[in-house]
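Structure record follows, encoded as structure tokens.
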Amino acid sequence: MSLITQAPRGTQDVLPDSSYKWQYVEQTALSIARDFGFHEIRTPVFEHTNLFQRSVGETTDVVQKEMYTFEDKGGRSITLRPEGTAGAARAVLEHGLINGALPVKVSYITSCYRYEKSQKGRYREFHQFGVECFGALAPQADAEVIALAMQILKSVGLTDVALHINSIGCPTCRARYHEALKAYFASYAETLCGTCQDRLARNPMRILDCKSPVCGEIAAAAPVMMDYLCEPCAAHFAQVKGCLDAAEIPYQVDTHIVRGLDYYTRTVFELVSPQGLVVAGGGRYDGLLQELGGPAQPGLGFGMGVERLLMVMEEAGCRFPAAPQCDLYLAPMGEAAVSRCFALATALREGGMTVEFDVVGRSLKAQMKYADKLGARYTVVVGDAELESGVAKLKDMTTGETEEVSLDGGLYTLLRQKTLDRELAGVADLFSNVAEIG
Ligand code: ATP
Ligand code: MG
């Protein structure tokens with residue numbers, strides 16, 4: 001196949017037969033975020049490269065191996081965003097939101113770009129739903145963000161995704177932990193991958209997140225941060241767990257979660273599907289805003305992979321709303337009928353109906369075949385006789401039954417009533433998705 005008709009490796013097209021599923025999960029996520037007081041922010045696809053170097057961190061896989069970085073025609077180093085937090089943090093600082101009412105709570109759906117080996121569930125262009133909360137230090141903020149992520153999964157019908165949480169402490173307690181890690185990894189220095197040998201000196205915690213199997217095996221027995229938490233960090237973590245317990249949100253403490261980005265402190269969490277796919281990851285990053293030159297205000301949030309979420313939903317057999325369907329196909333016969341049908345279609349669409357009619361100039365037989373392919377629920381044929389009498393037959397394409405209907409108000413009223421009945425049934429069906437709220 002020629003390159004012109006082939007999308008770049010690691011990218012996907014979302015075709016009309018599945019885009020409604022994307023719309024469903026995106027709208028669900030944004031609307032639940034609104035219930036929690038998070039409102040949408042939109043930031044650019046590209047930023048100055050140093051924003052990501054600073055925030056994501058120089059020693060991370062993302063910065064070292066995965067960024068799409070290029071020089072623009074003005075000689076600036078530009079990077080396509082590999083994640084959503086850095087841009088949101090930059091915008092919150094740039095527009096002074098951080099100096100207004102706190103906390104600042106934003107949500108987003110963004111495309112992200114990482115030069116990764118493409119494989120199932122791992123793309124070079126992917127999408128994240130995410131939220132950020134800046135200016136809240138209390139542990140209930142962590143619990144709230146986690147509860148938000150869990151509620152999204154619940155409301156799309158995913159009840160068996162496990163919540164894994166951990167605390168990776170603060171710079172104070174981490175210093176002692178770094179020493180312990182260095183001592184541990186030093187005895188394996190020769191065996192670690194090249195990147196991790198460099199990390200050993202600069203940021204030994206990053207070794208814990210290395211994807212190389214050799215490093216992974218060595219890291220499995222490394223000391224864990226949980227044993228090194230200072231008293232305030234330990235108390236903070238205990239209170240996060242206390243809130244989750246109170247709301248009966250089940251979780252497991254997983255001392256091996258470190259997260260792939262440098263900016264994390266204290267709480268980190270991952271939502272893991274029964275097949276082991278990480279649907280969302282997040283946590284707290286109390287040093288991020290300051291690292292970017294802003295005030296010493298804490299931050300936290302999560303990123304949820306939209307592709308991964310959809311994949312896990314399909315695997316779990318979750319329900320989606322019905323695919324969009326055509327309410328009515330209007331089939332004109334003859335020129336006079338075409339303009340009458342055009343006017344009718346326009347009026348019915350204004351009234352909220354989904355209507356199609358012939359824009360190709362097909363024979364009646366070909367039109368009916370097309371209506372069938374579209375899955376139109378009803379059809380109306382308009383020829384000379386119908387034009388004259390103002391009455392036509394509304395045909396139910398599933399049952400084959402027909403009903404006489406006037407082409408003026410009658411068609412709209414009848415169709416409206418029929419589609420309303422169907423919509424109500426659809427809503428009731430979708431509601432069976434929503435797990436019982438305790
Ligand atoms: P992983 O350990 O799987 O590489 P990560 O730690 O790099 O994940 P984050 O930066 O936390 O991932 O991104 C948040 C979420 O975005 C992930 O939990 C995942 O659902 C999704 N995600 C990350 N990278 C990709 C990718 N290349 N393709 C699709 N989804 C991704
Ligand atoms: Mg990654």
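The values are calculated or read from the model by the stated rules, or taken from the named source; none is laboratory data. Since this is a predicted model, take the numbers as computed values, not measurements. In this analysis, Cβ positions are derived from the backbone assuming ideal geometry, glycine residues included, and neighbour counts consider all displayed protein chains. Just so you know, the surface numbers come from the protein's heavy atoms only, side chains and all, with ligands and any DNA or RNA stripped out. Shrake-Rupley method; radii C 1.70, N 1.55, O 1.52, S 1.80 Å.
The single condition among (1) closer than 18 Å to residue 34 by Cβ; (2) within 16 Å of ligand 2 (Cβ to nearest atom) that residue 59 does not meet is (1).
With respect to residue 131, is the statement that it is among the β-branched types (Val, Ile, Thr) and either in contact with a helix residue (DSSP H, G or I) (Cβ under 6 Å, 6 or more places away or on another chain) or open to solvent by 10 Å² or more (accessible area, probe 1.4 Å) (or both) true? So residue 131 fits the description; yes.
Counted as qualifying within segment 324-438 are the helices (runs of 4 or more DSSP H) with 3 or more residues that are over 26 Å from residue 17 (Cα atoms) and open to solvent by less than 50 Å² (accessible area, probe 1.4 Å), namely 335-350, 409-431.
Out of 293, 303, one residue alone is more than 16 Å from ligand 2 (Cβ to nearest atom) and touching a residue at least 40 places away in the same chain (Cβ under 8 Å). It is 293. Kindly establish whether residue 123 is within 21 Å of residue 68 (Cβ to Cβ), open to solvent by less than 10 Å² (accessible area, probe 1.4 Å) and either within 16 Å of ligand 2 (Cβ to nearest atom) or not basic (Lys, Arg) (or both). For residue 123, the condition - within 21 Å of residue 68 (Cβ to Cβ), open to solvent by less than 10 Å² (accessible area, probe 1.4 Å) and either within 16 Å of ligand 2 (Cβ to nearest atom) or not basic (Lys, Arg) (or both) - is not met. Just one residue in the set 53, 64 is open to solvent by 50 Å² or more (accessible area, probe 1.4 Å), under 19 Å from residue 299 (Cα atoms) and out of contact with any strand residue (DSSP E or B) (no Cβ under 6 Å at 6 or more places or on another chain); that residue is 53. Within segment 102-156, being touching a His at 6+ places or on another chain (Cβ under 9 Å) and part of a helix (DSSP H, G or I) holds for 139, 142.
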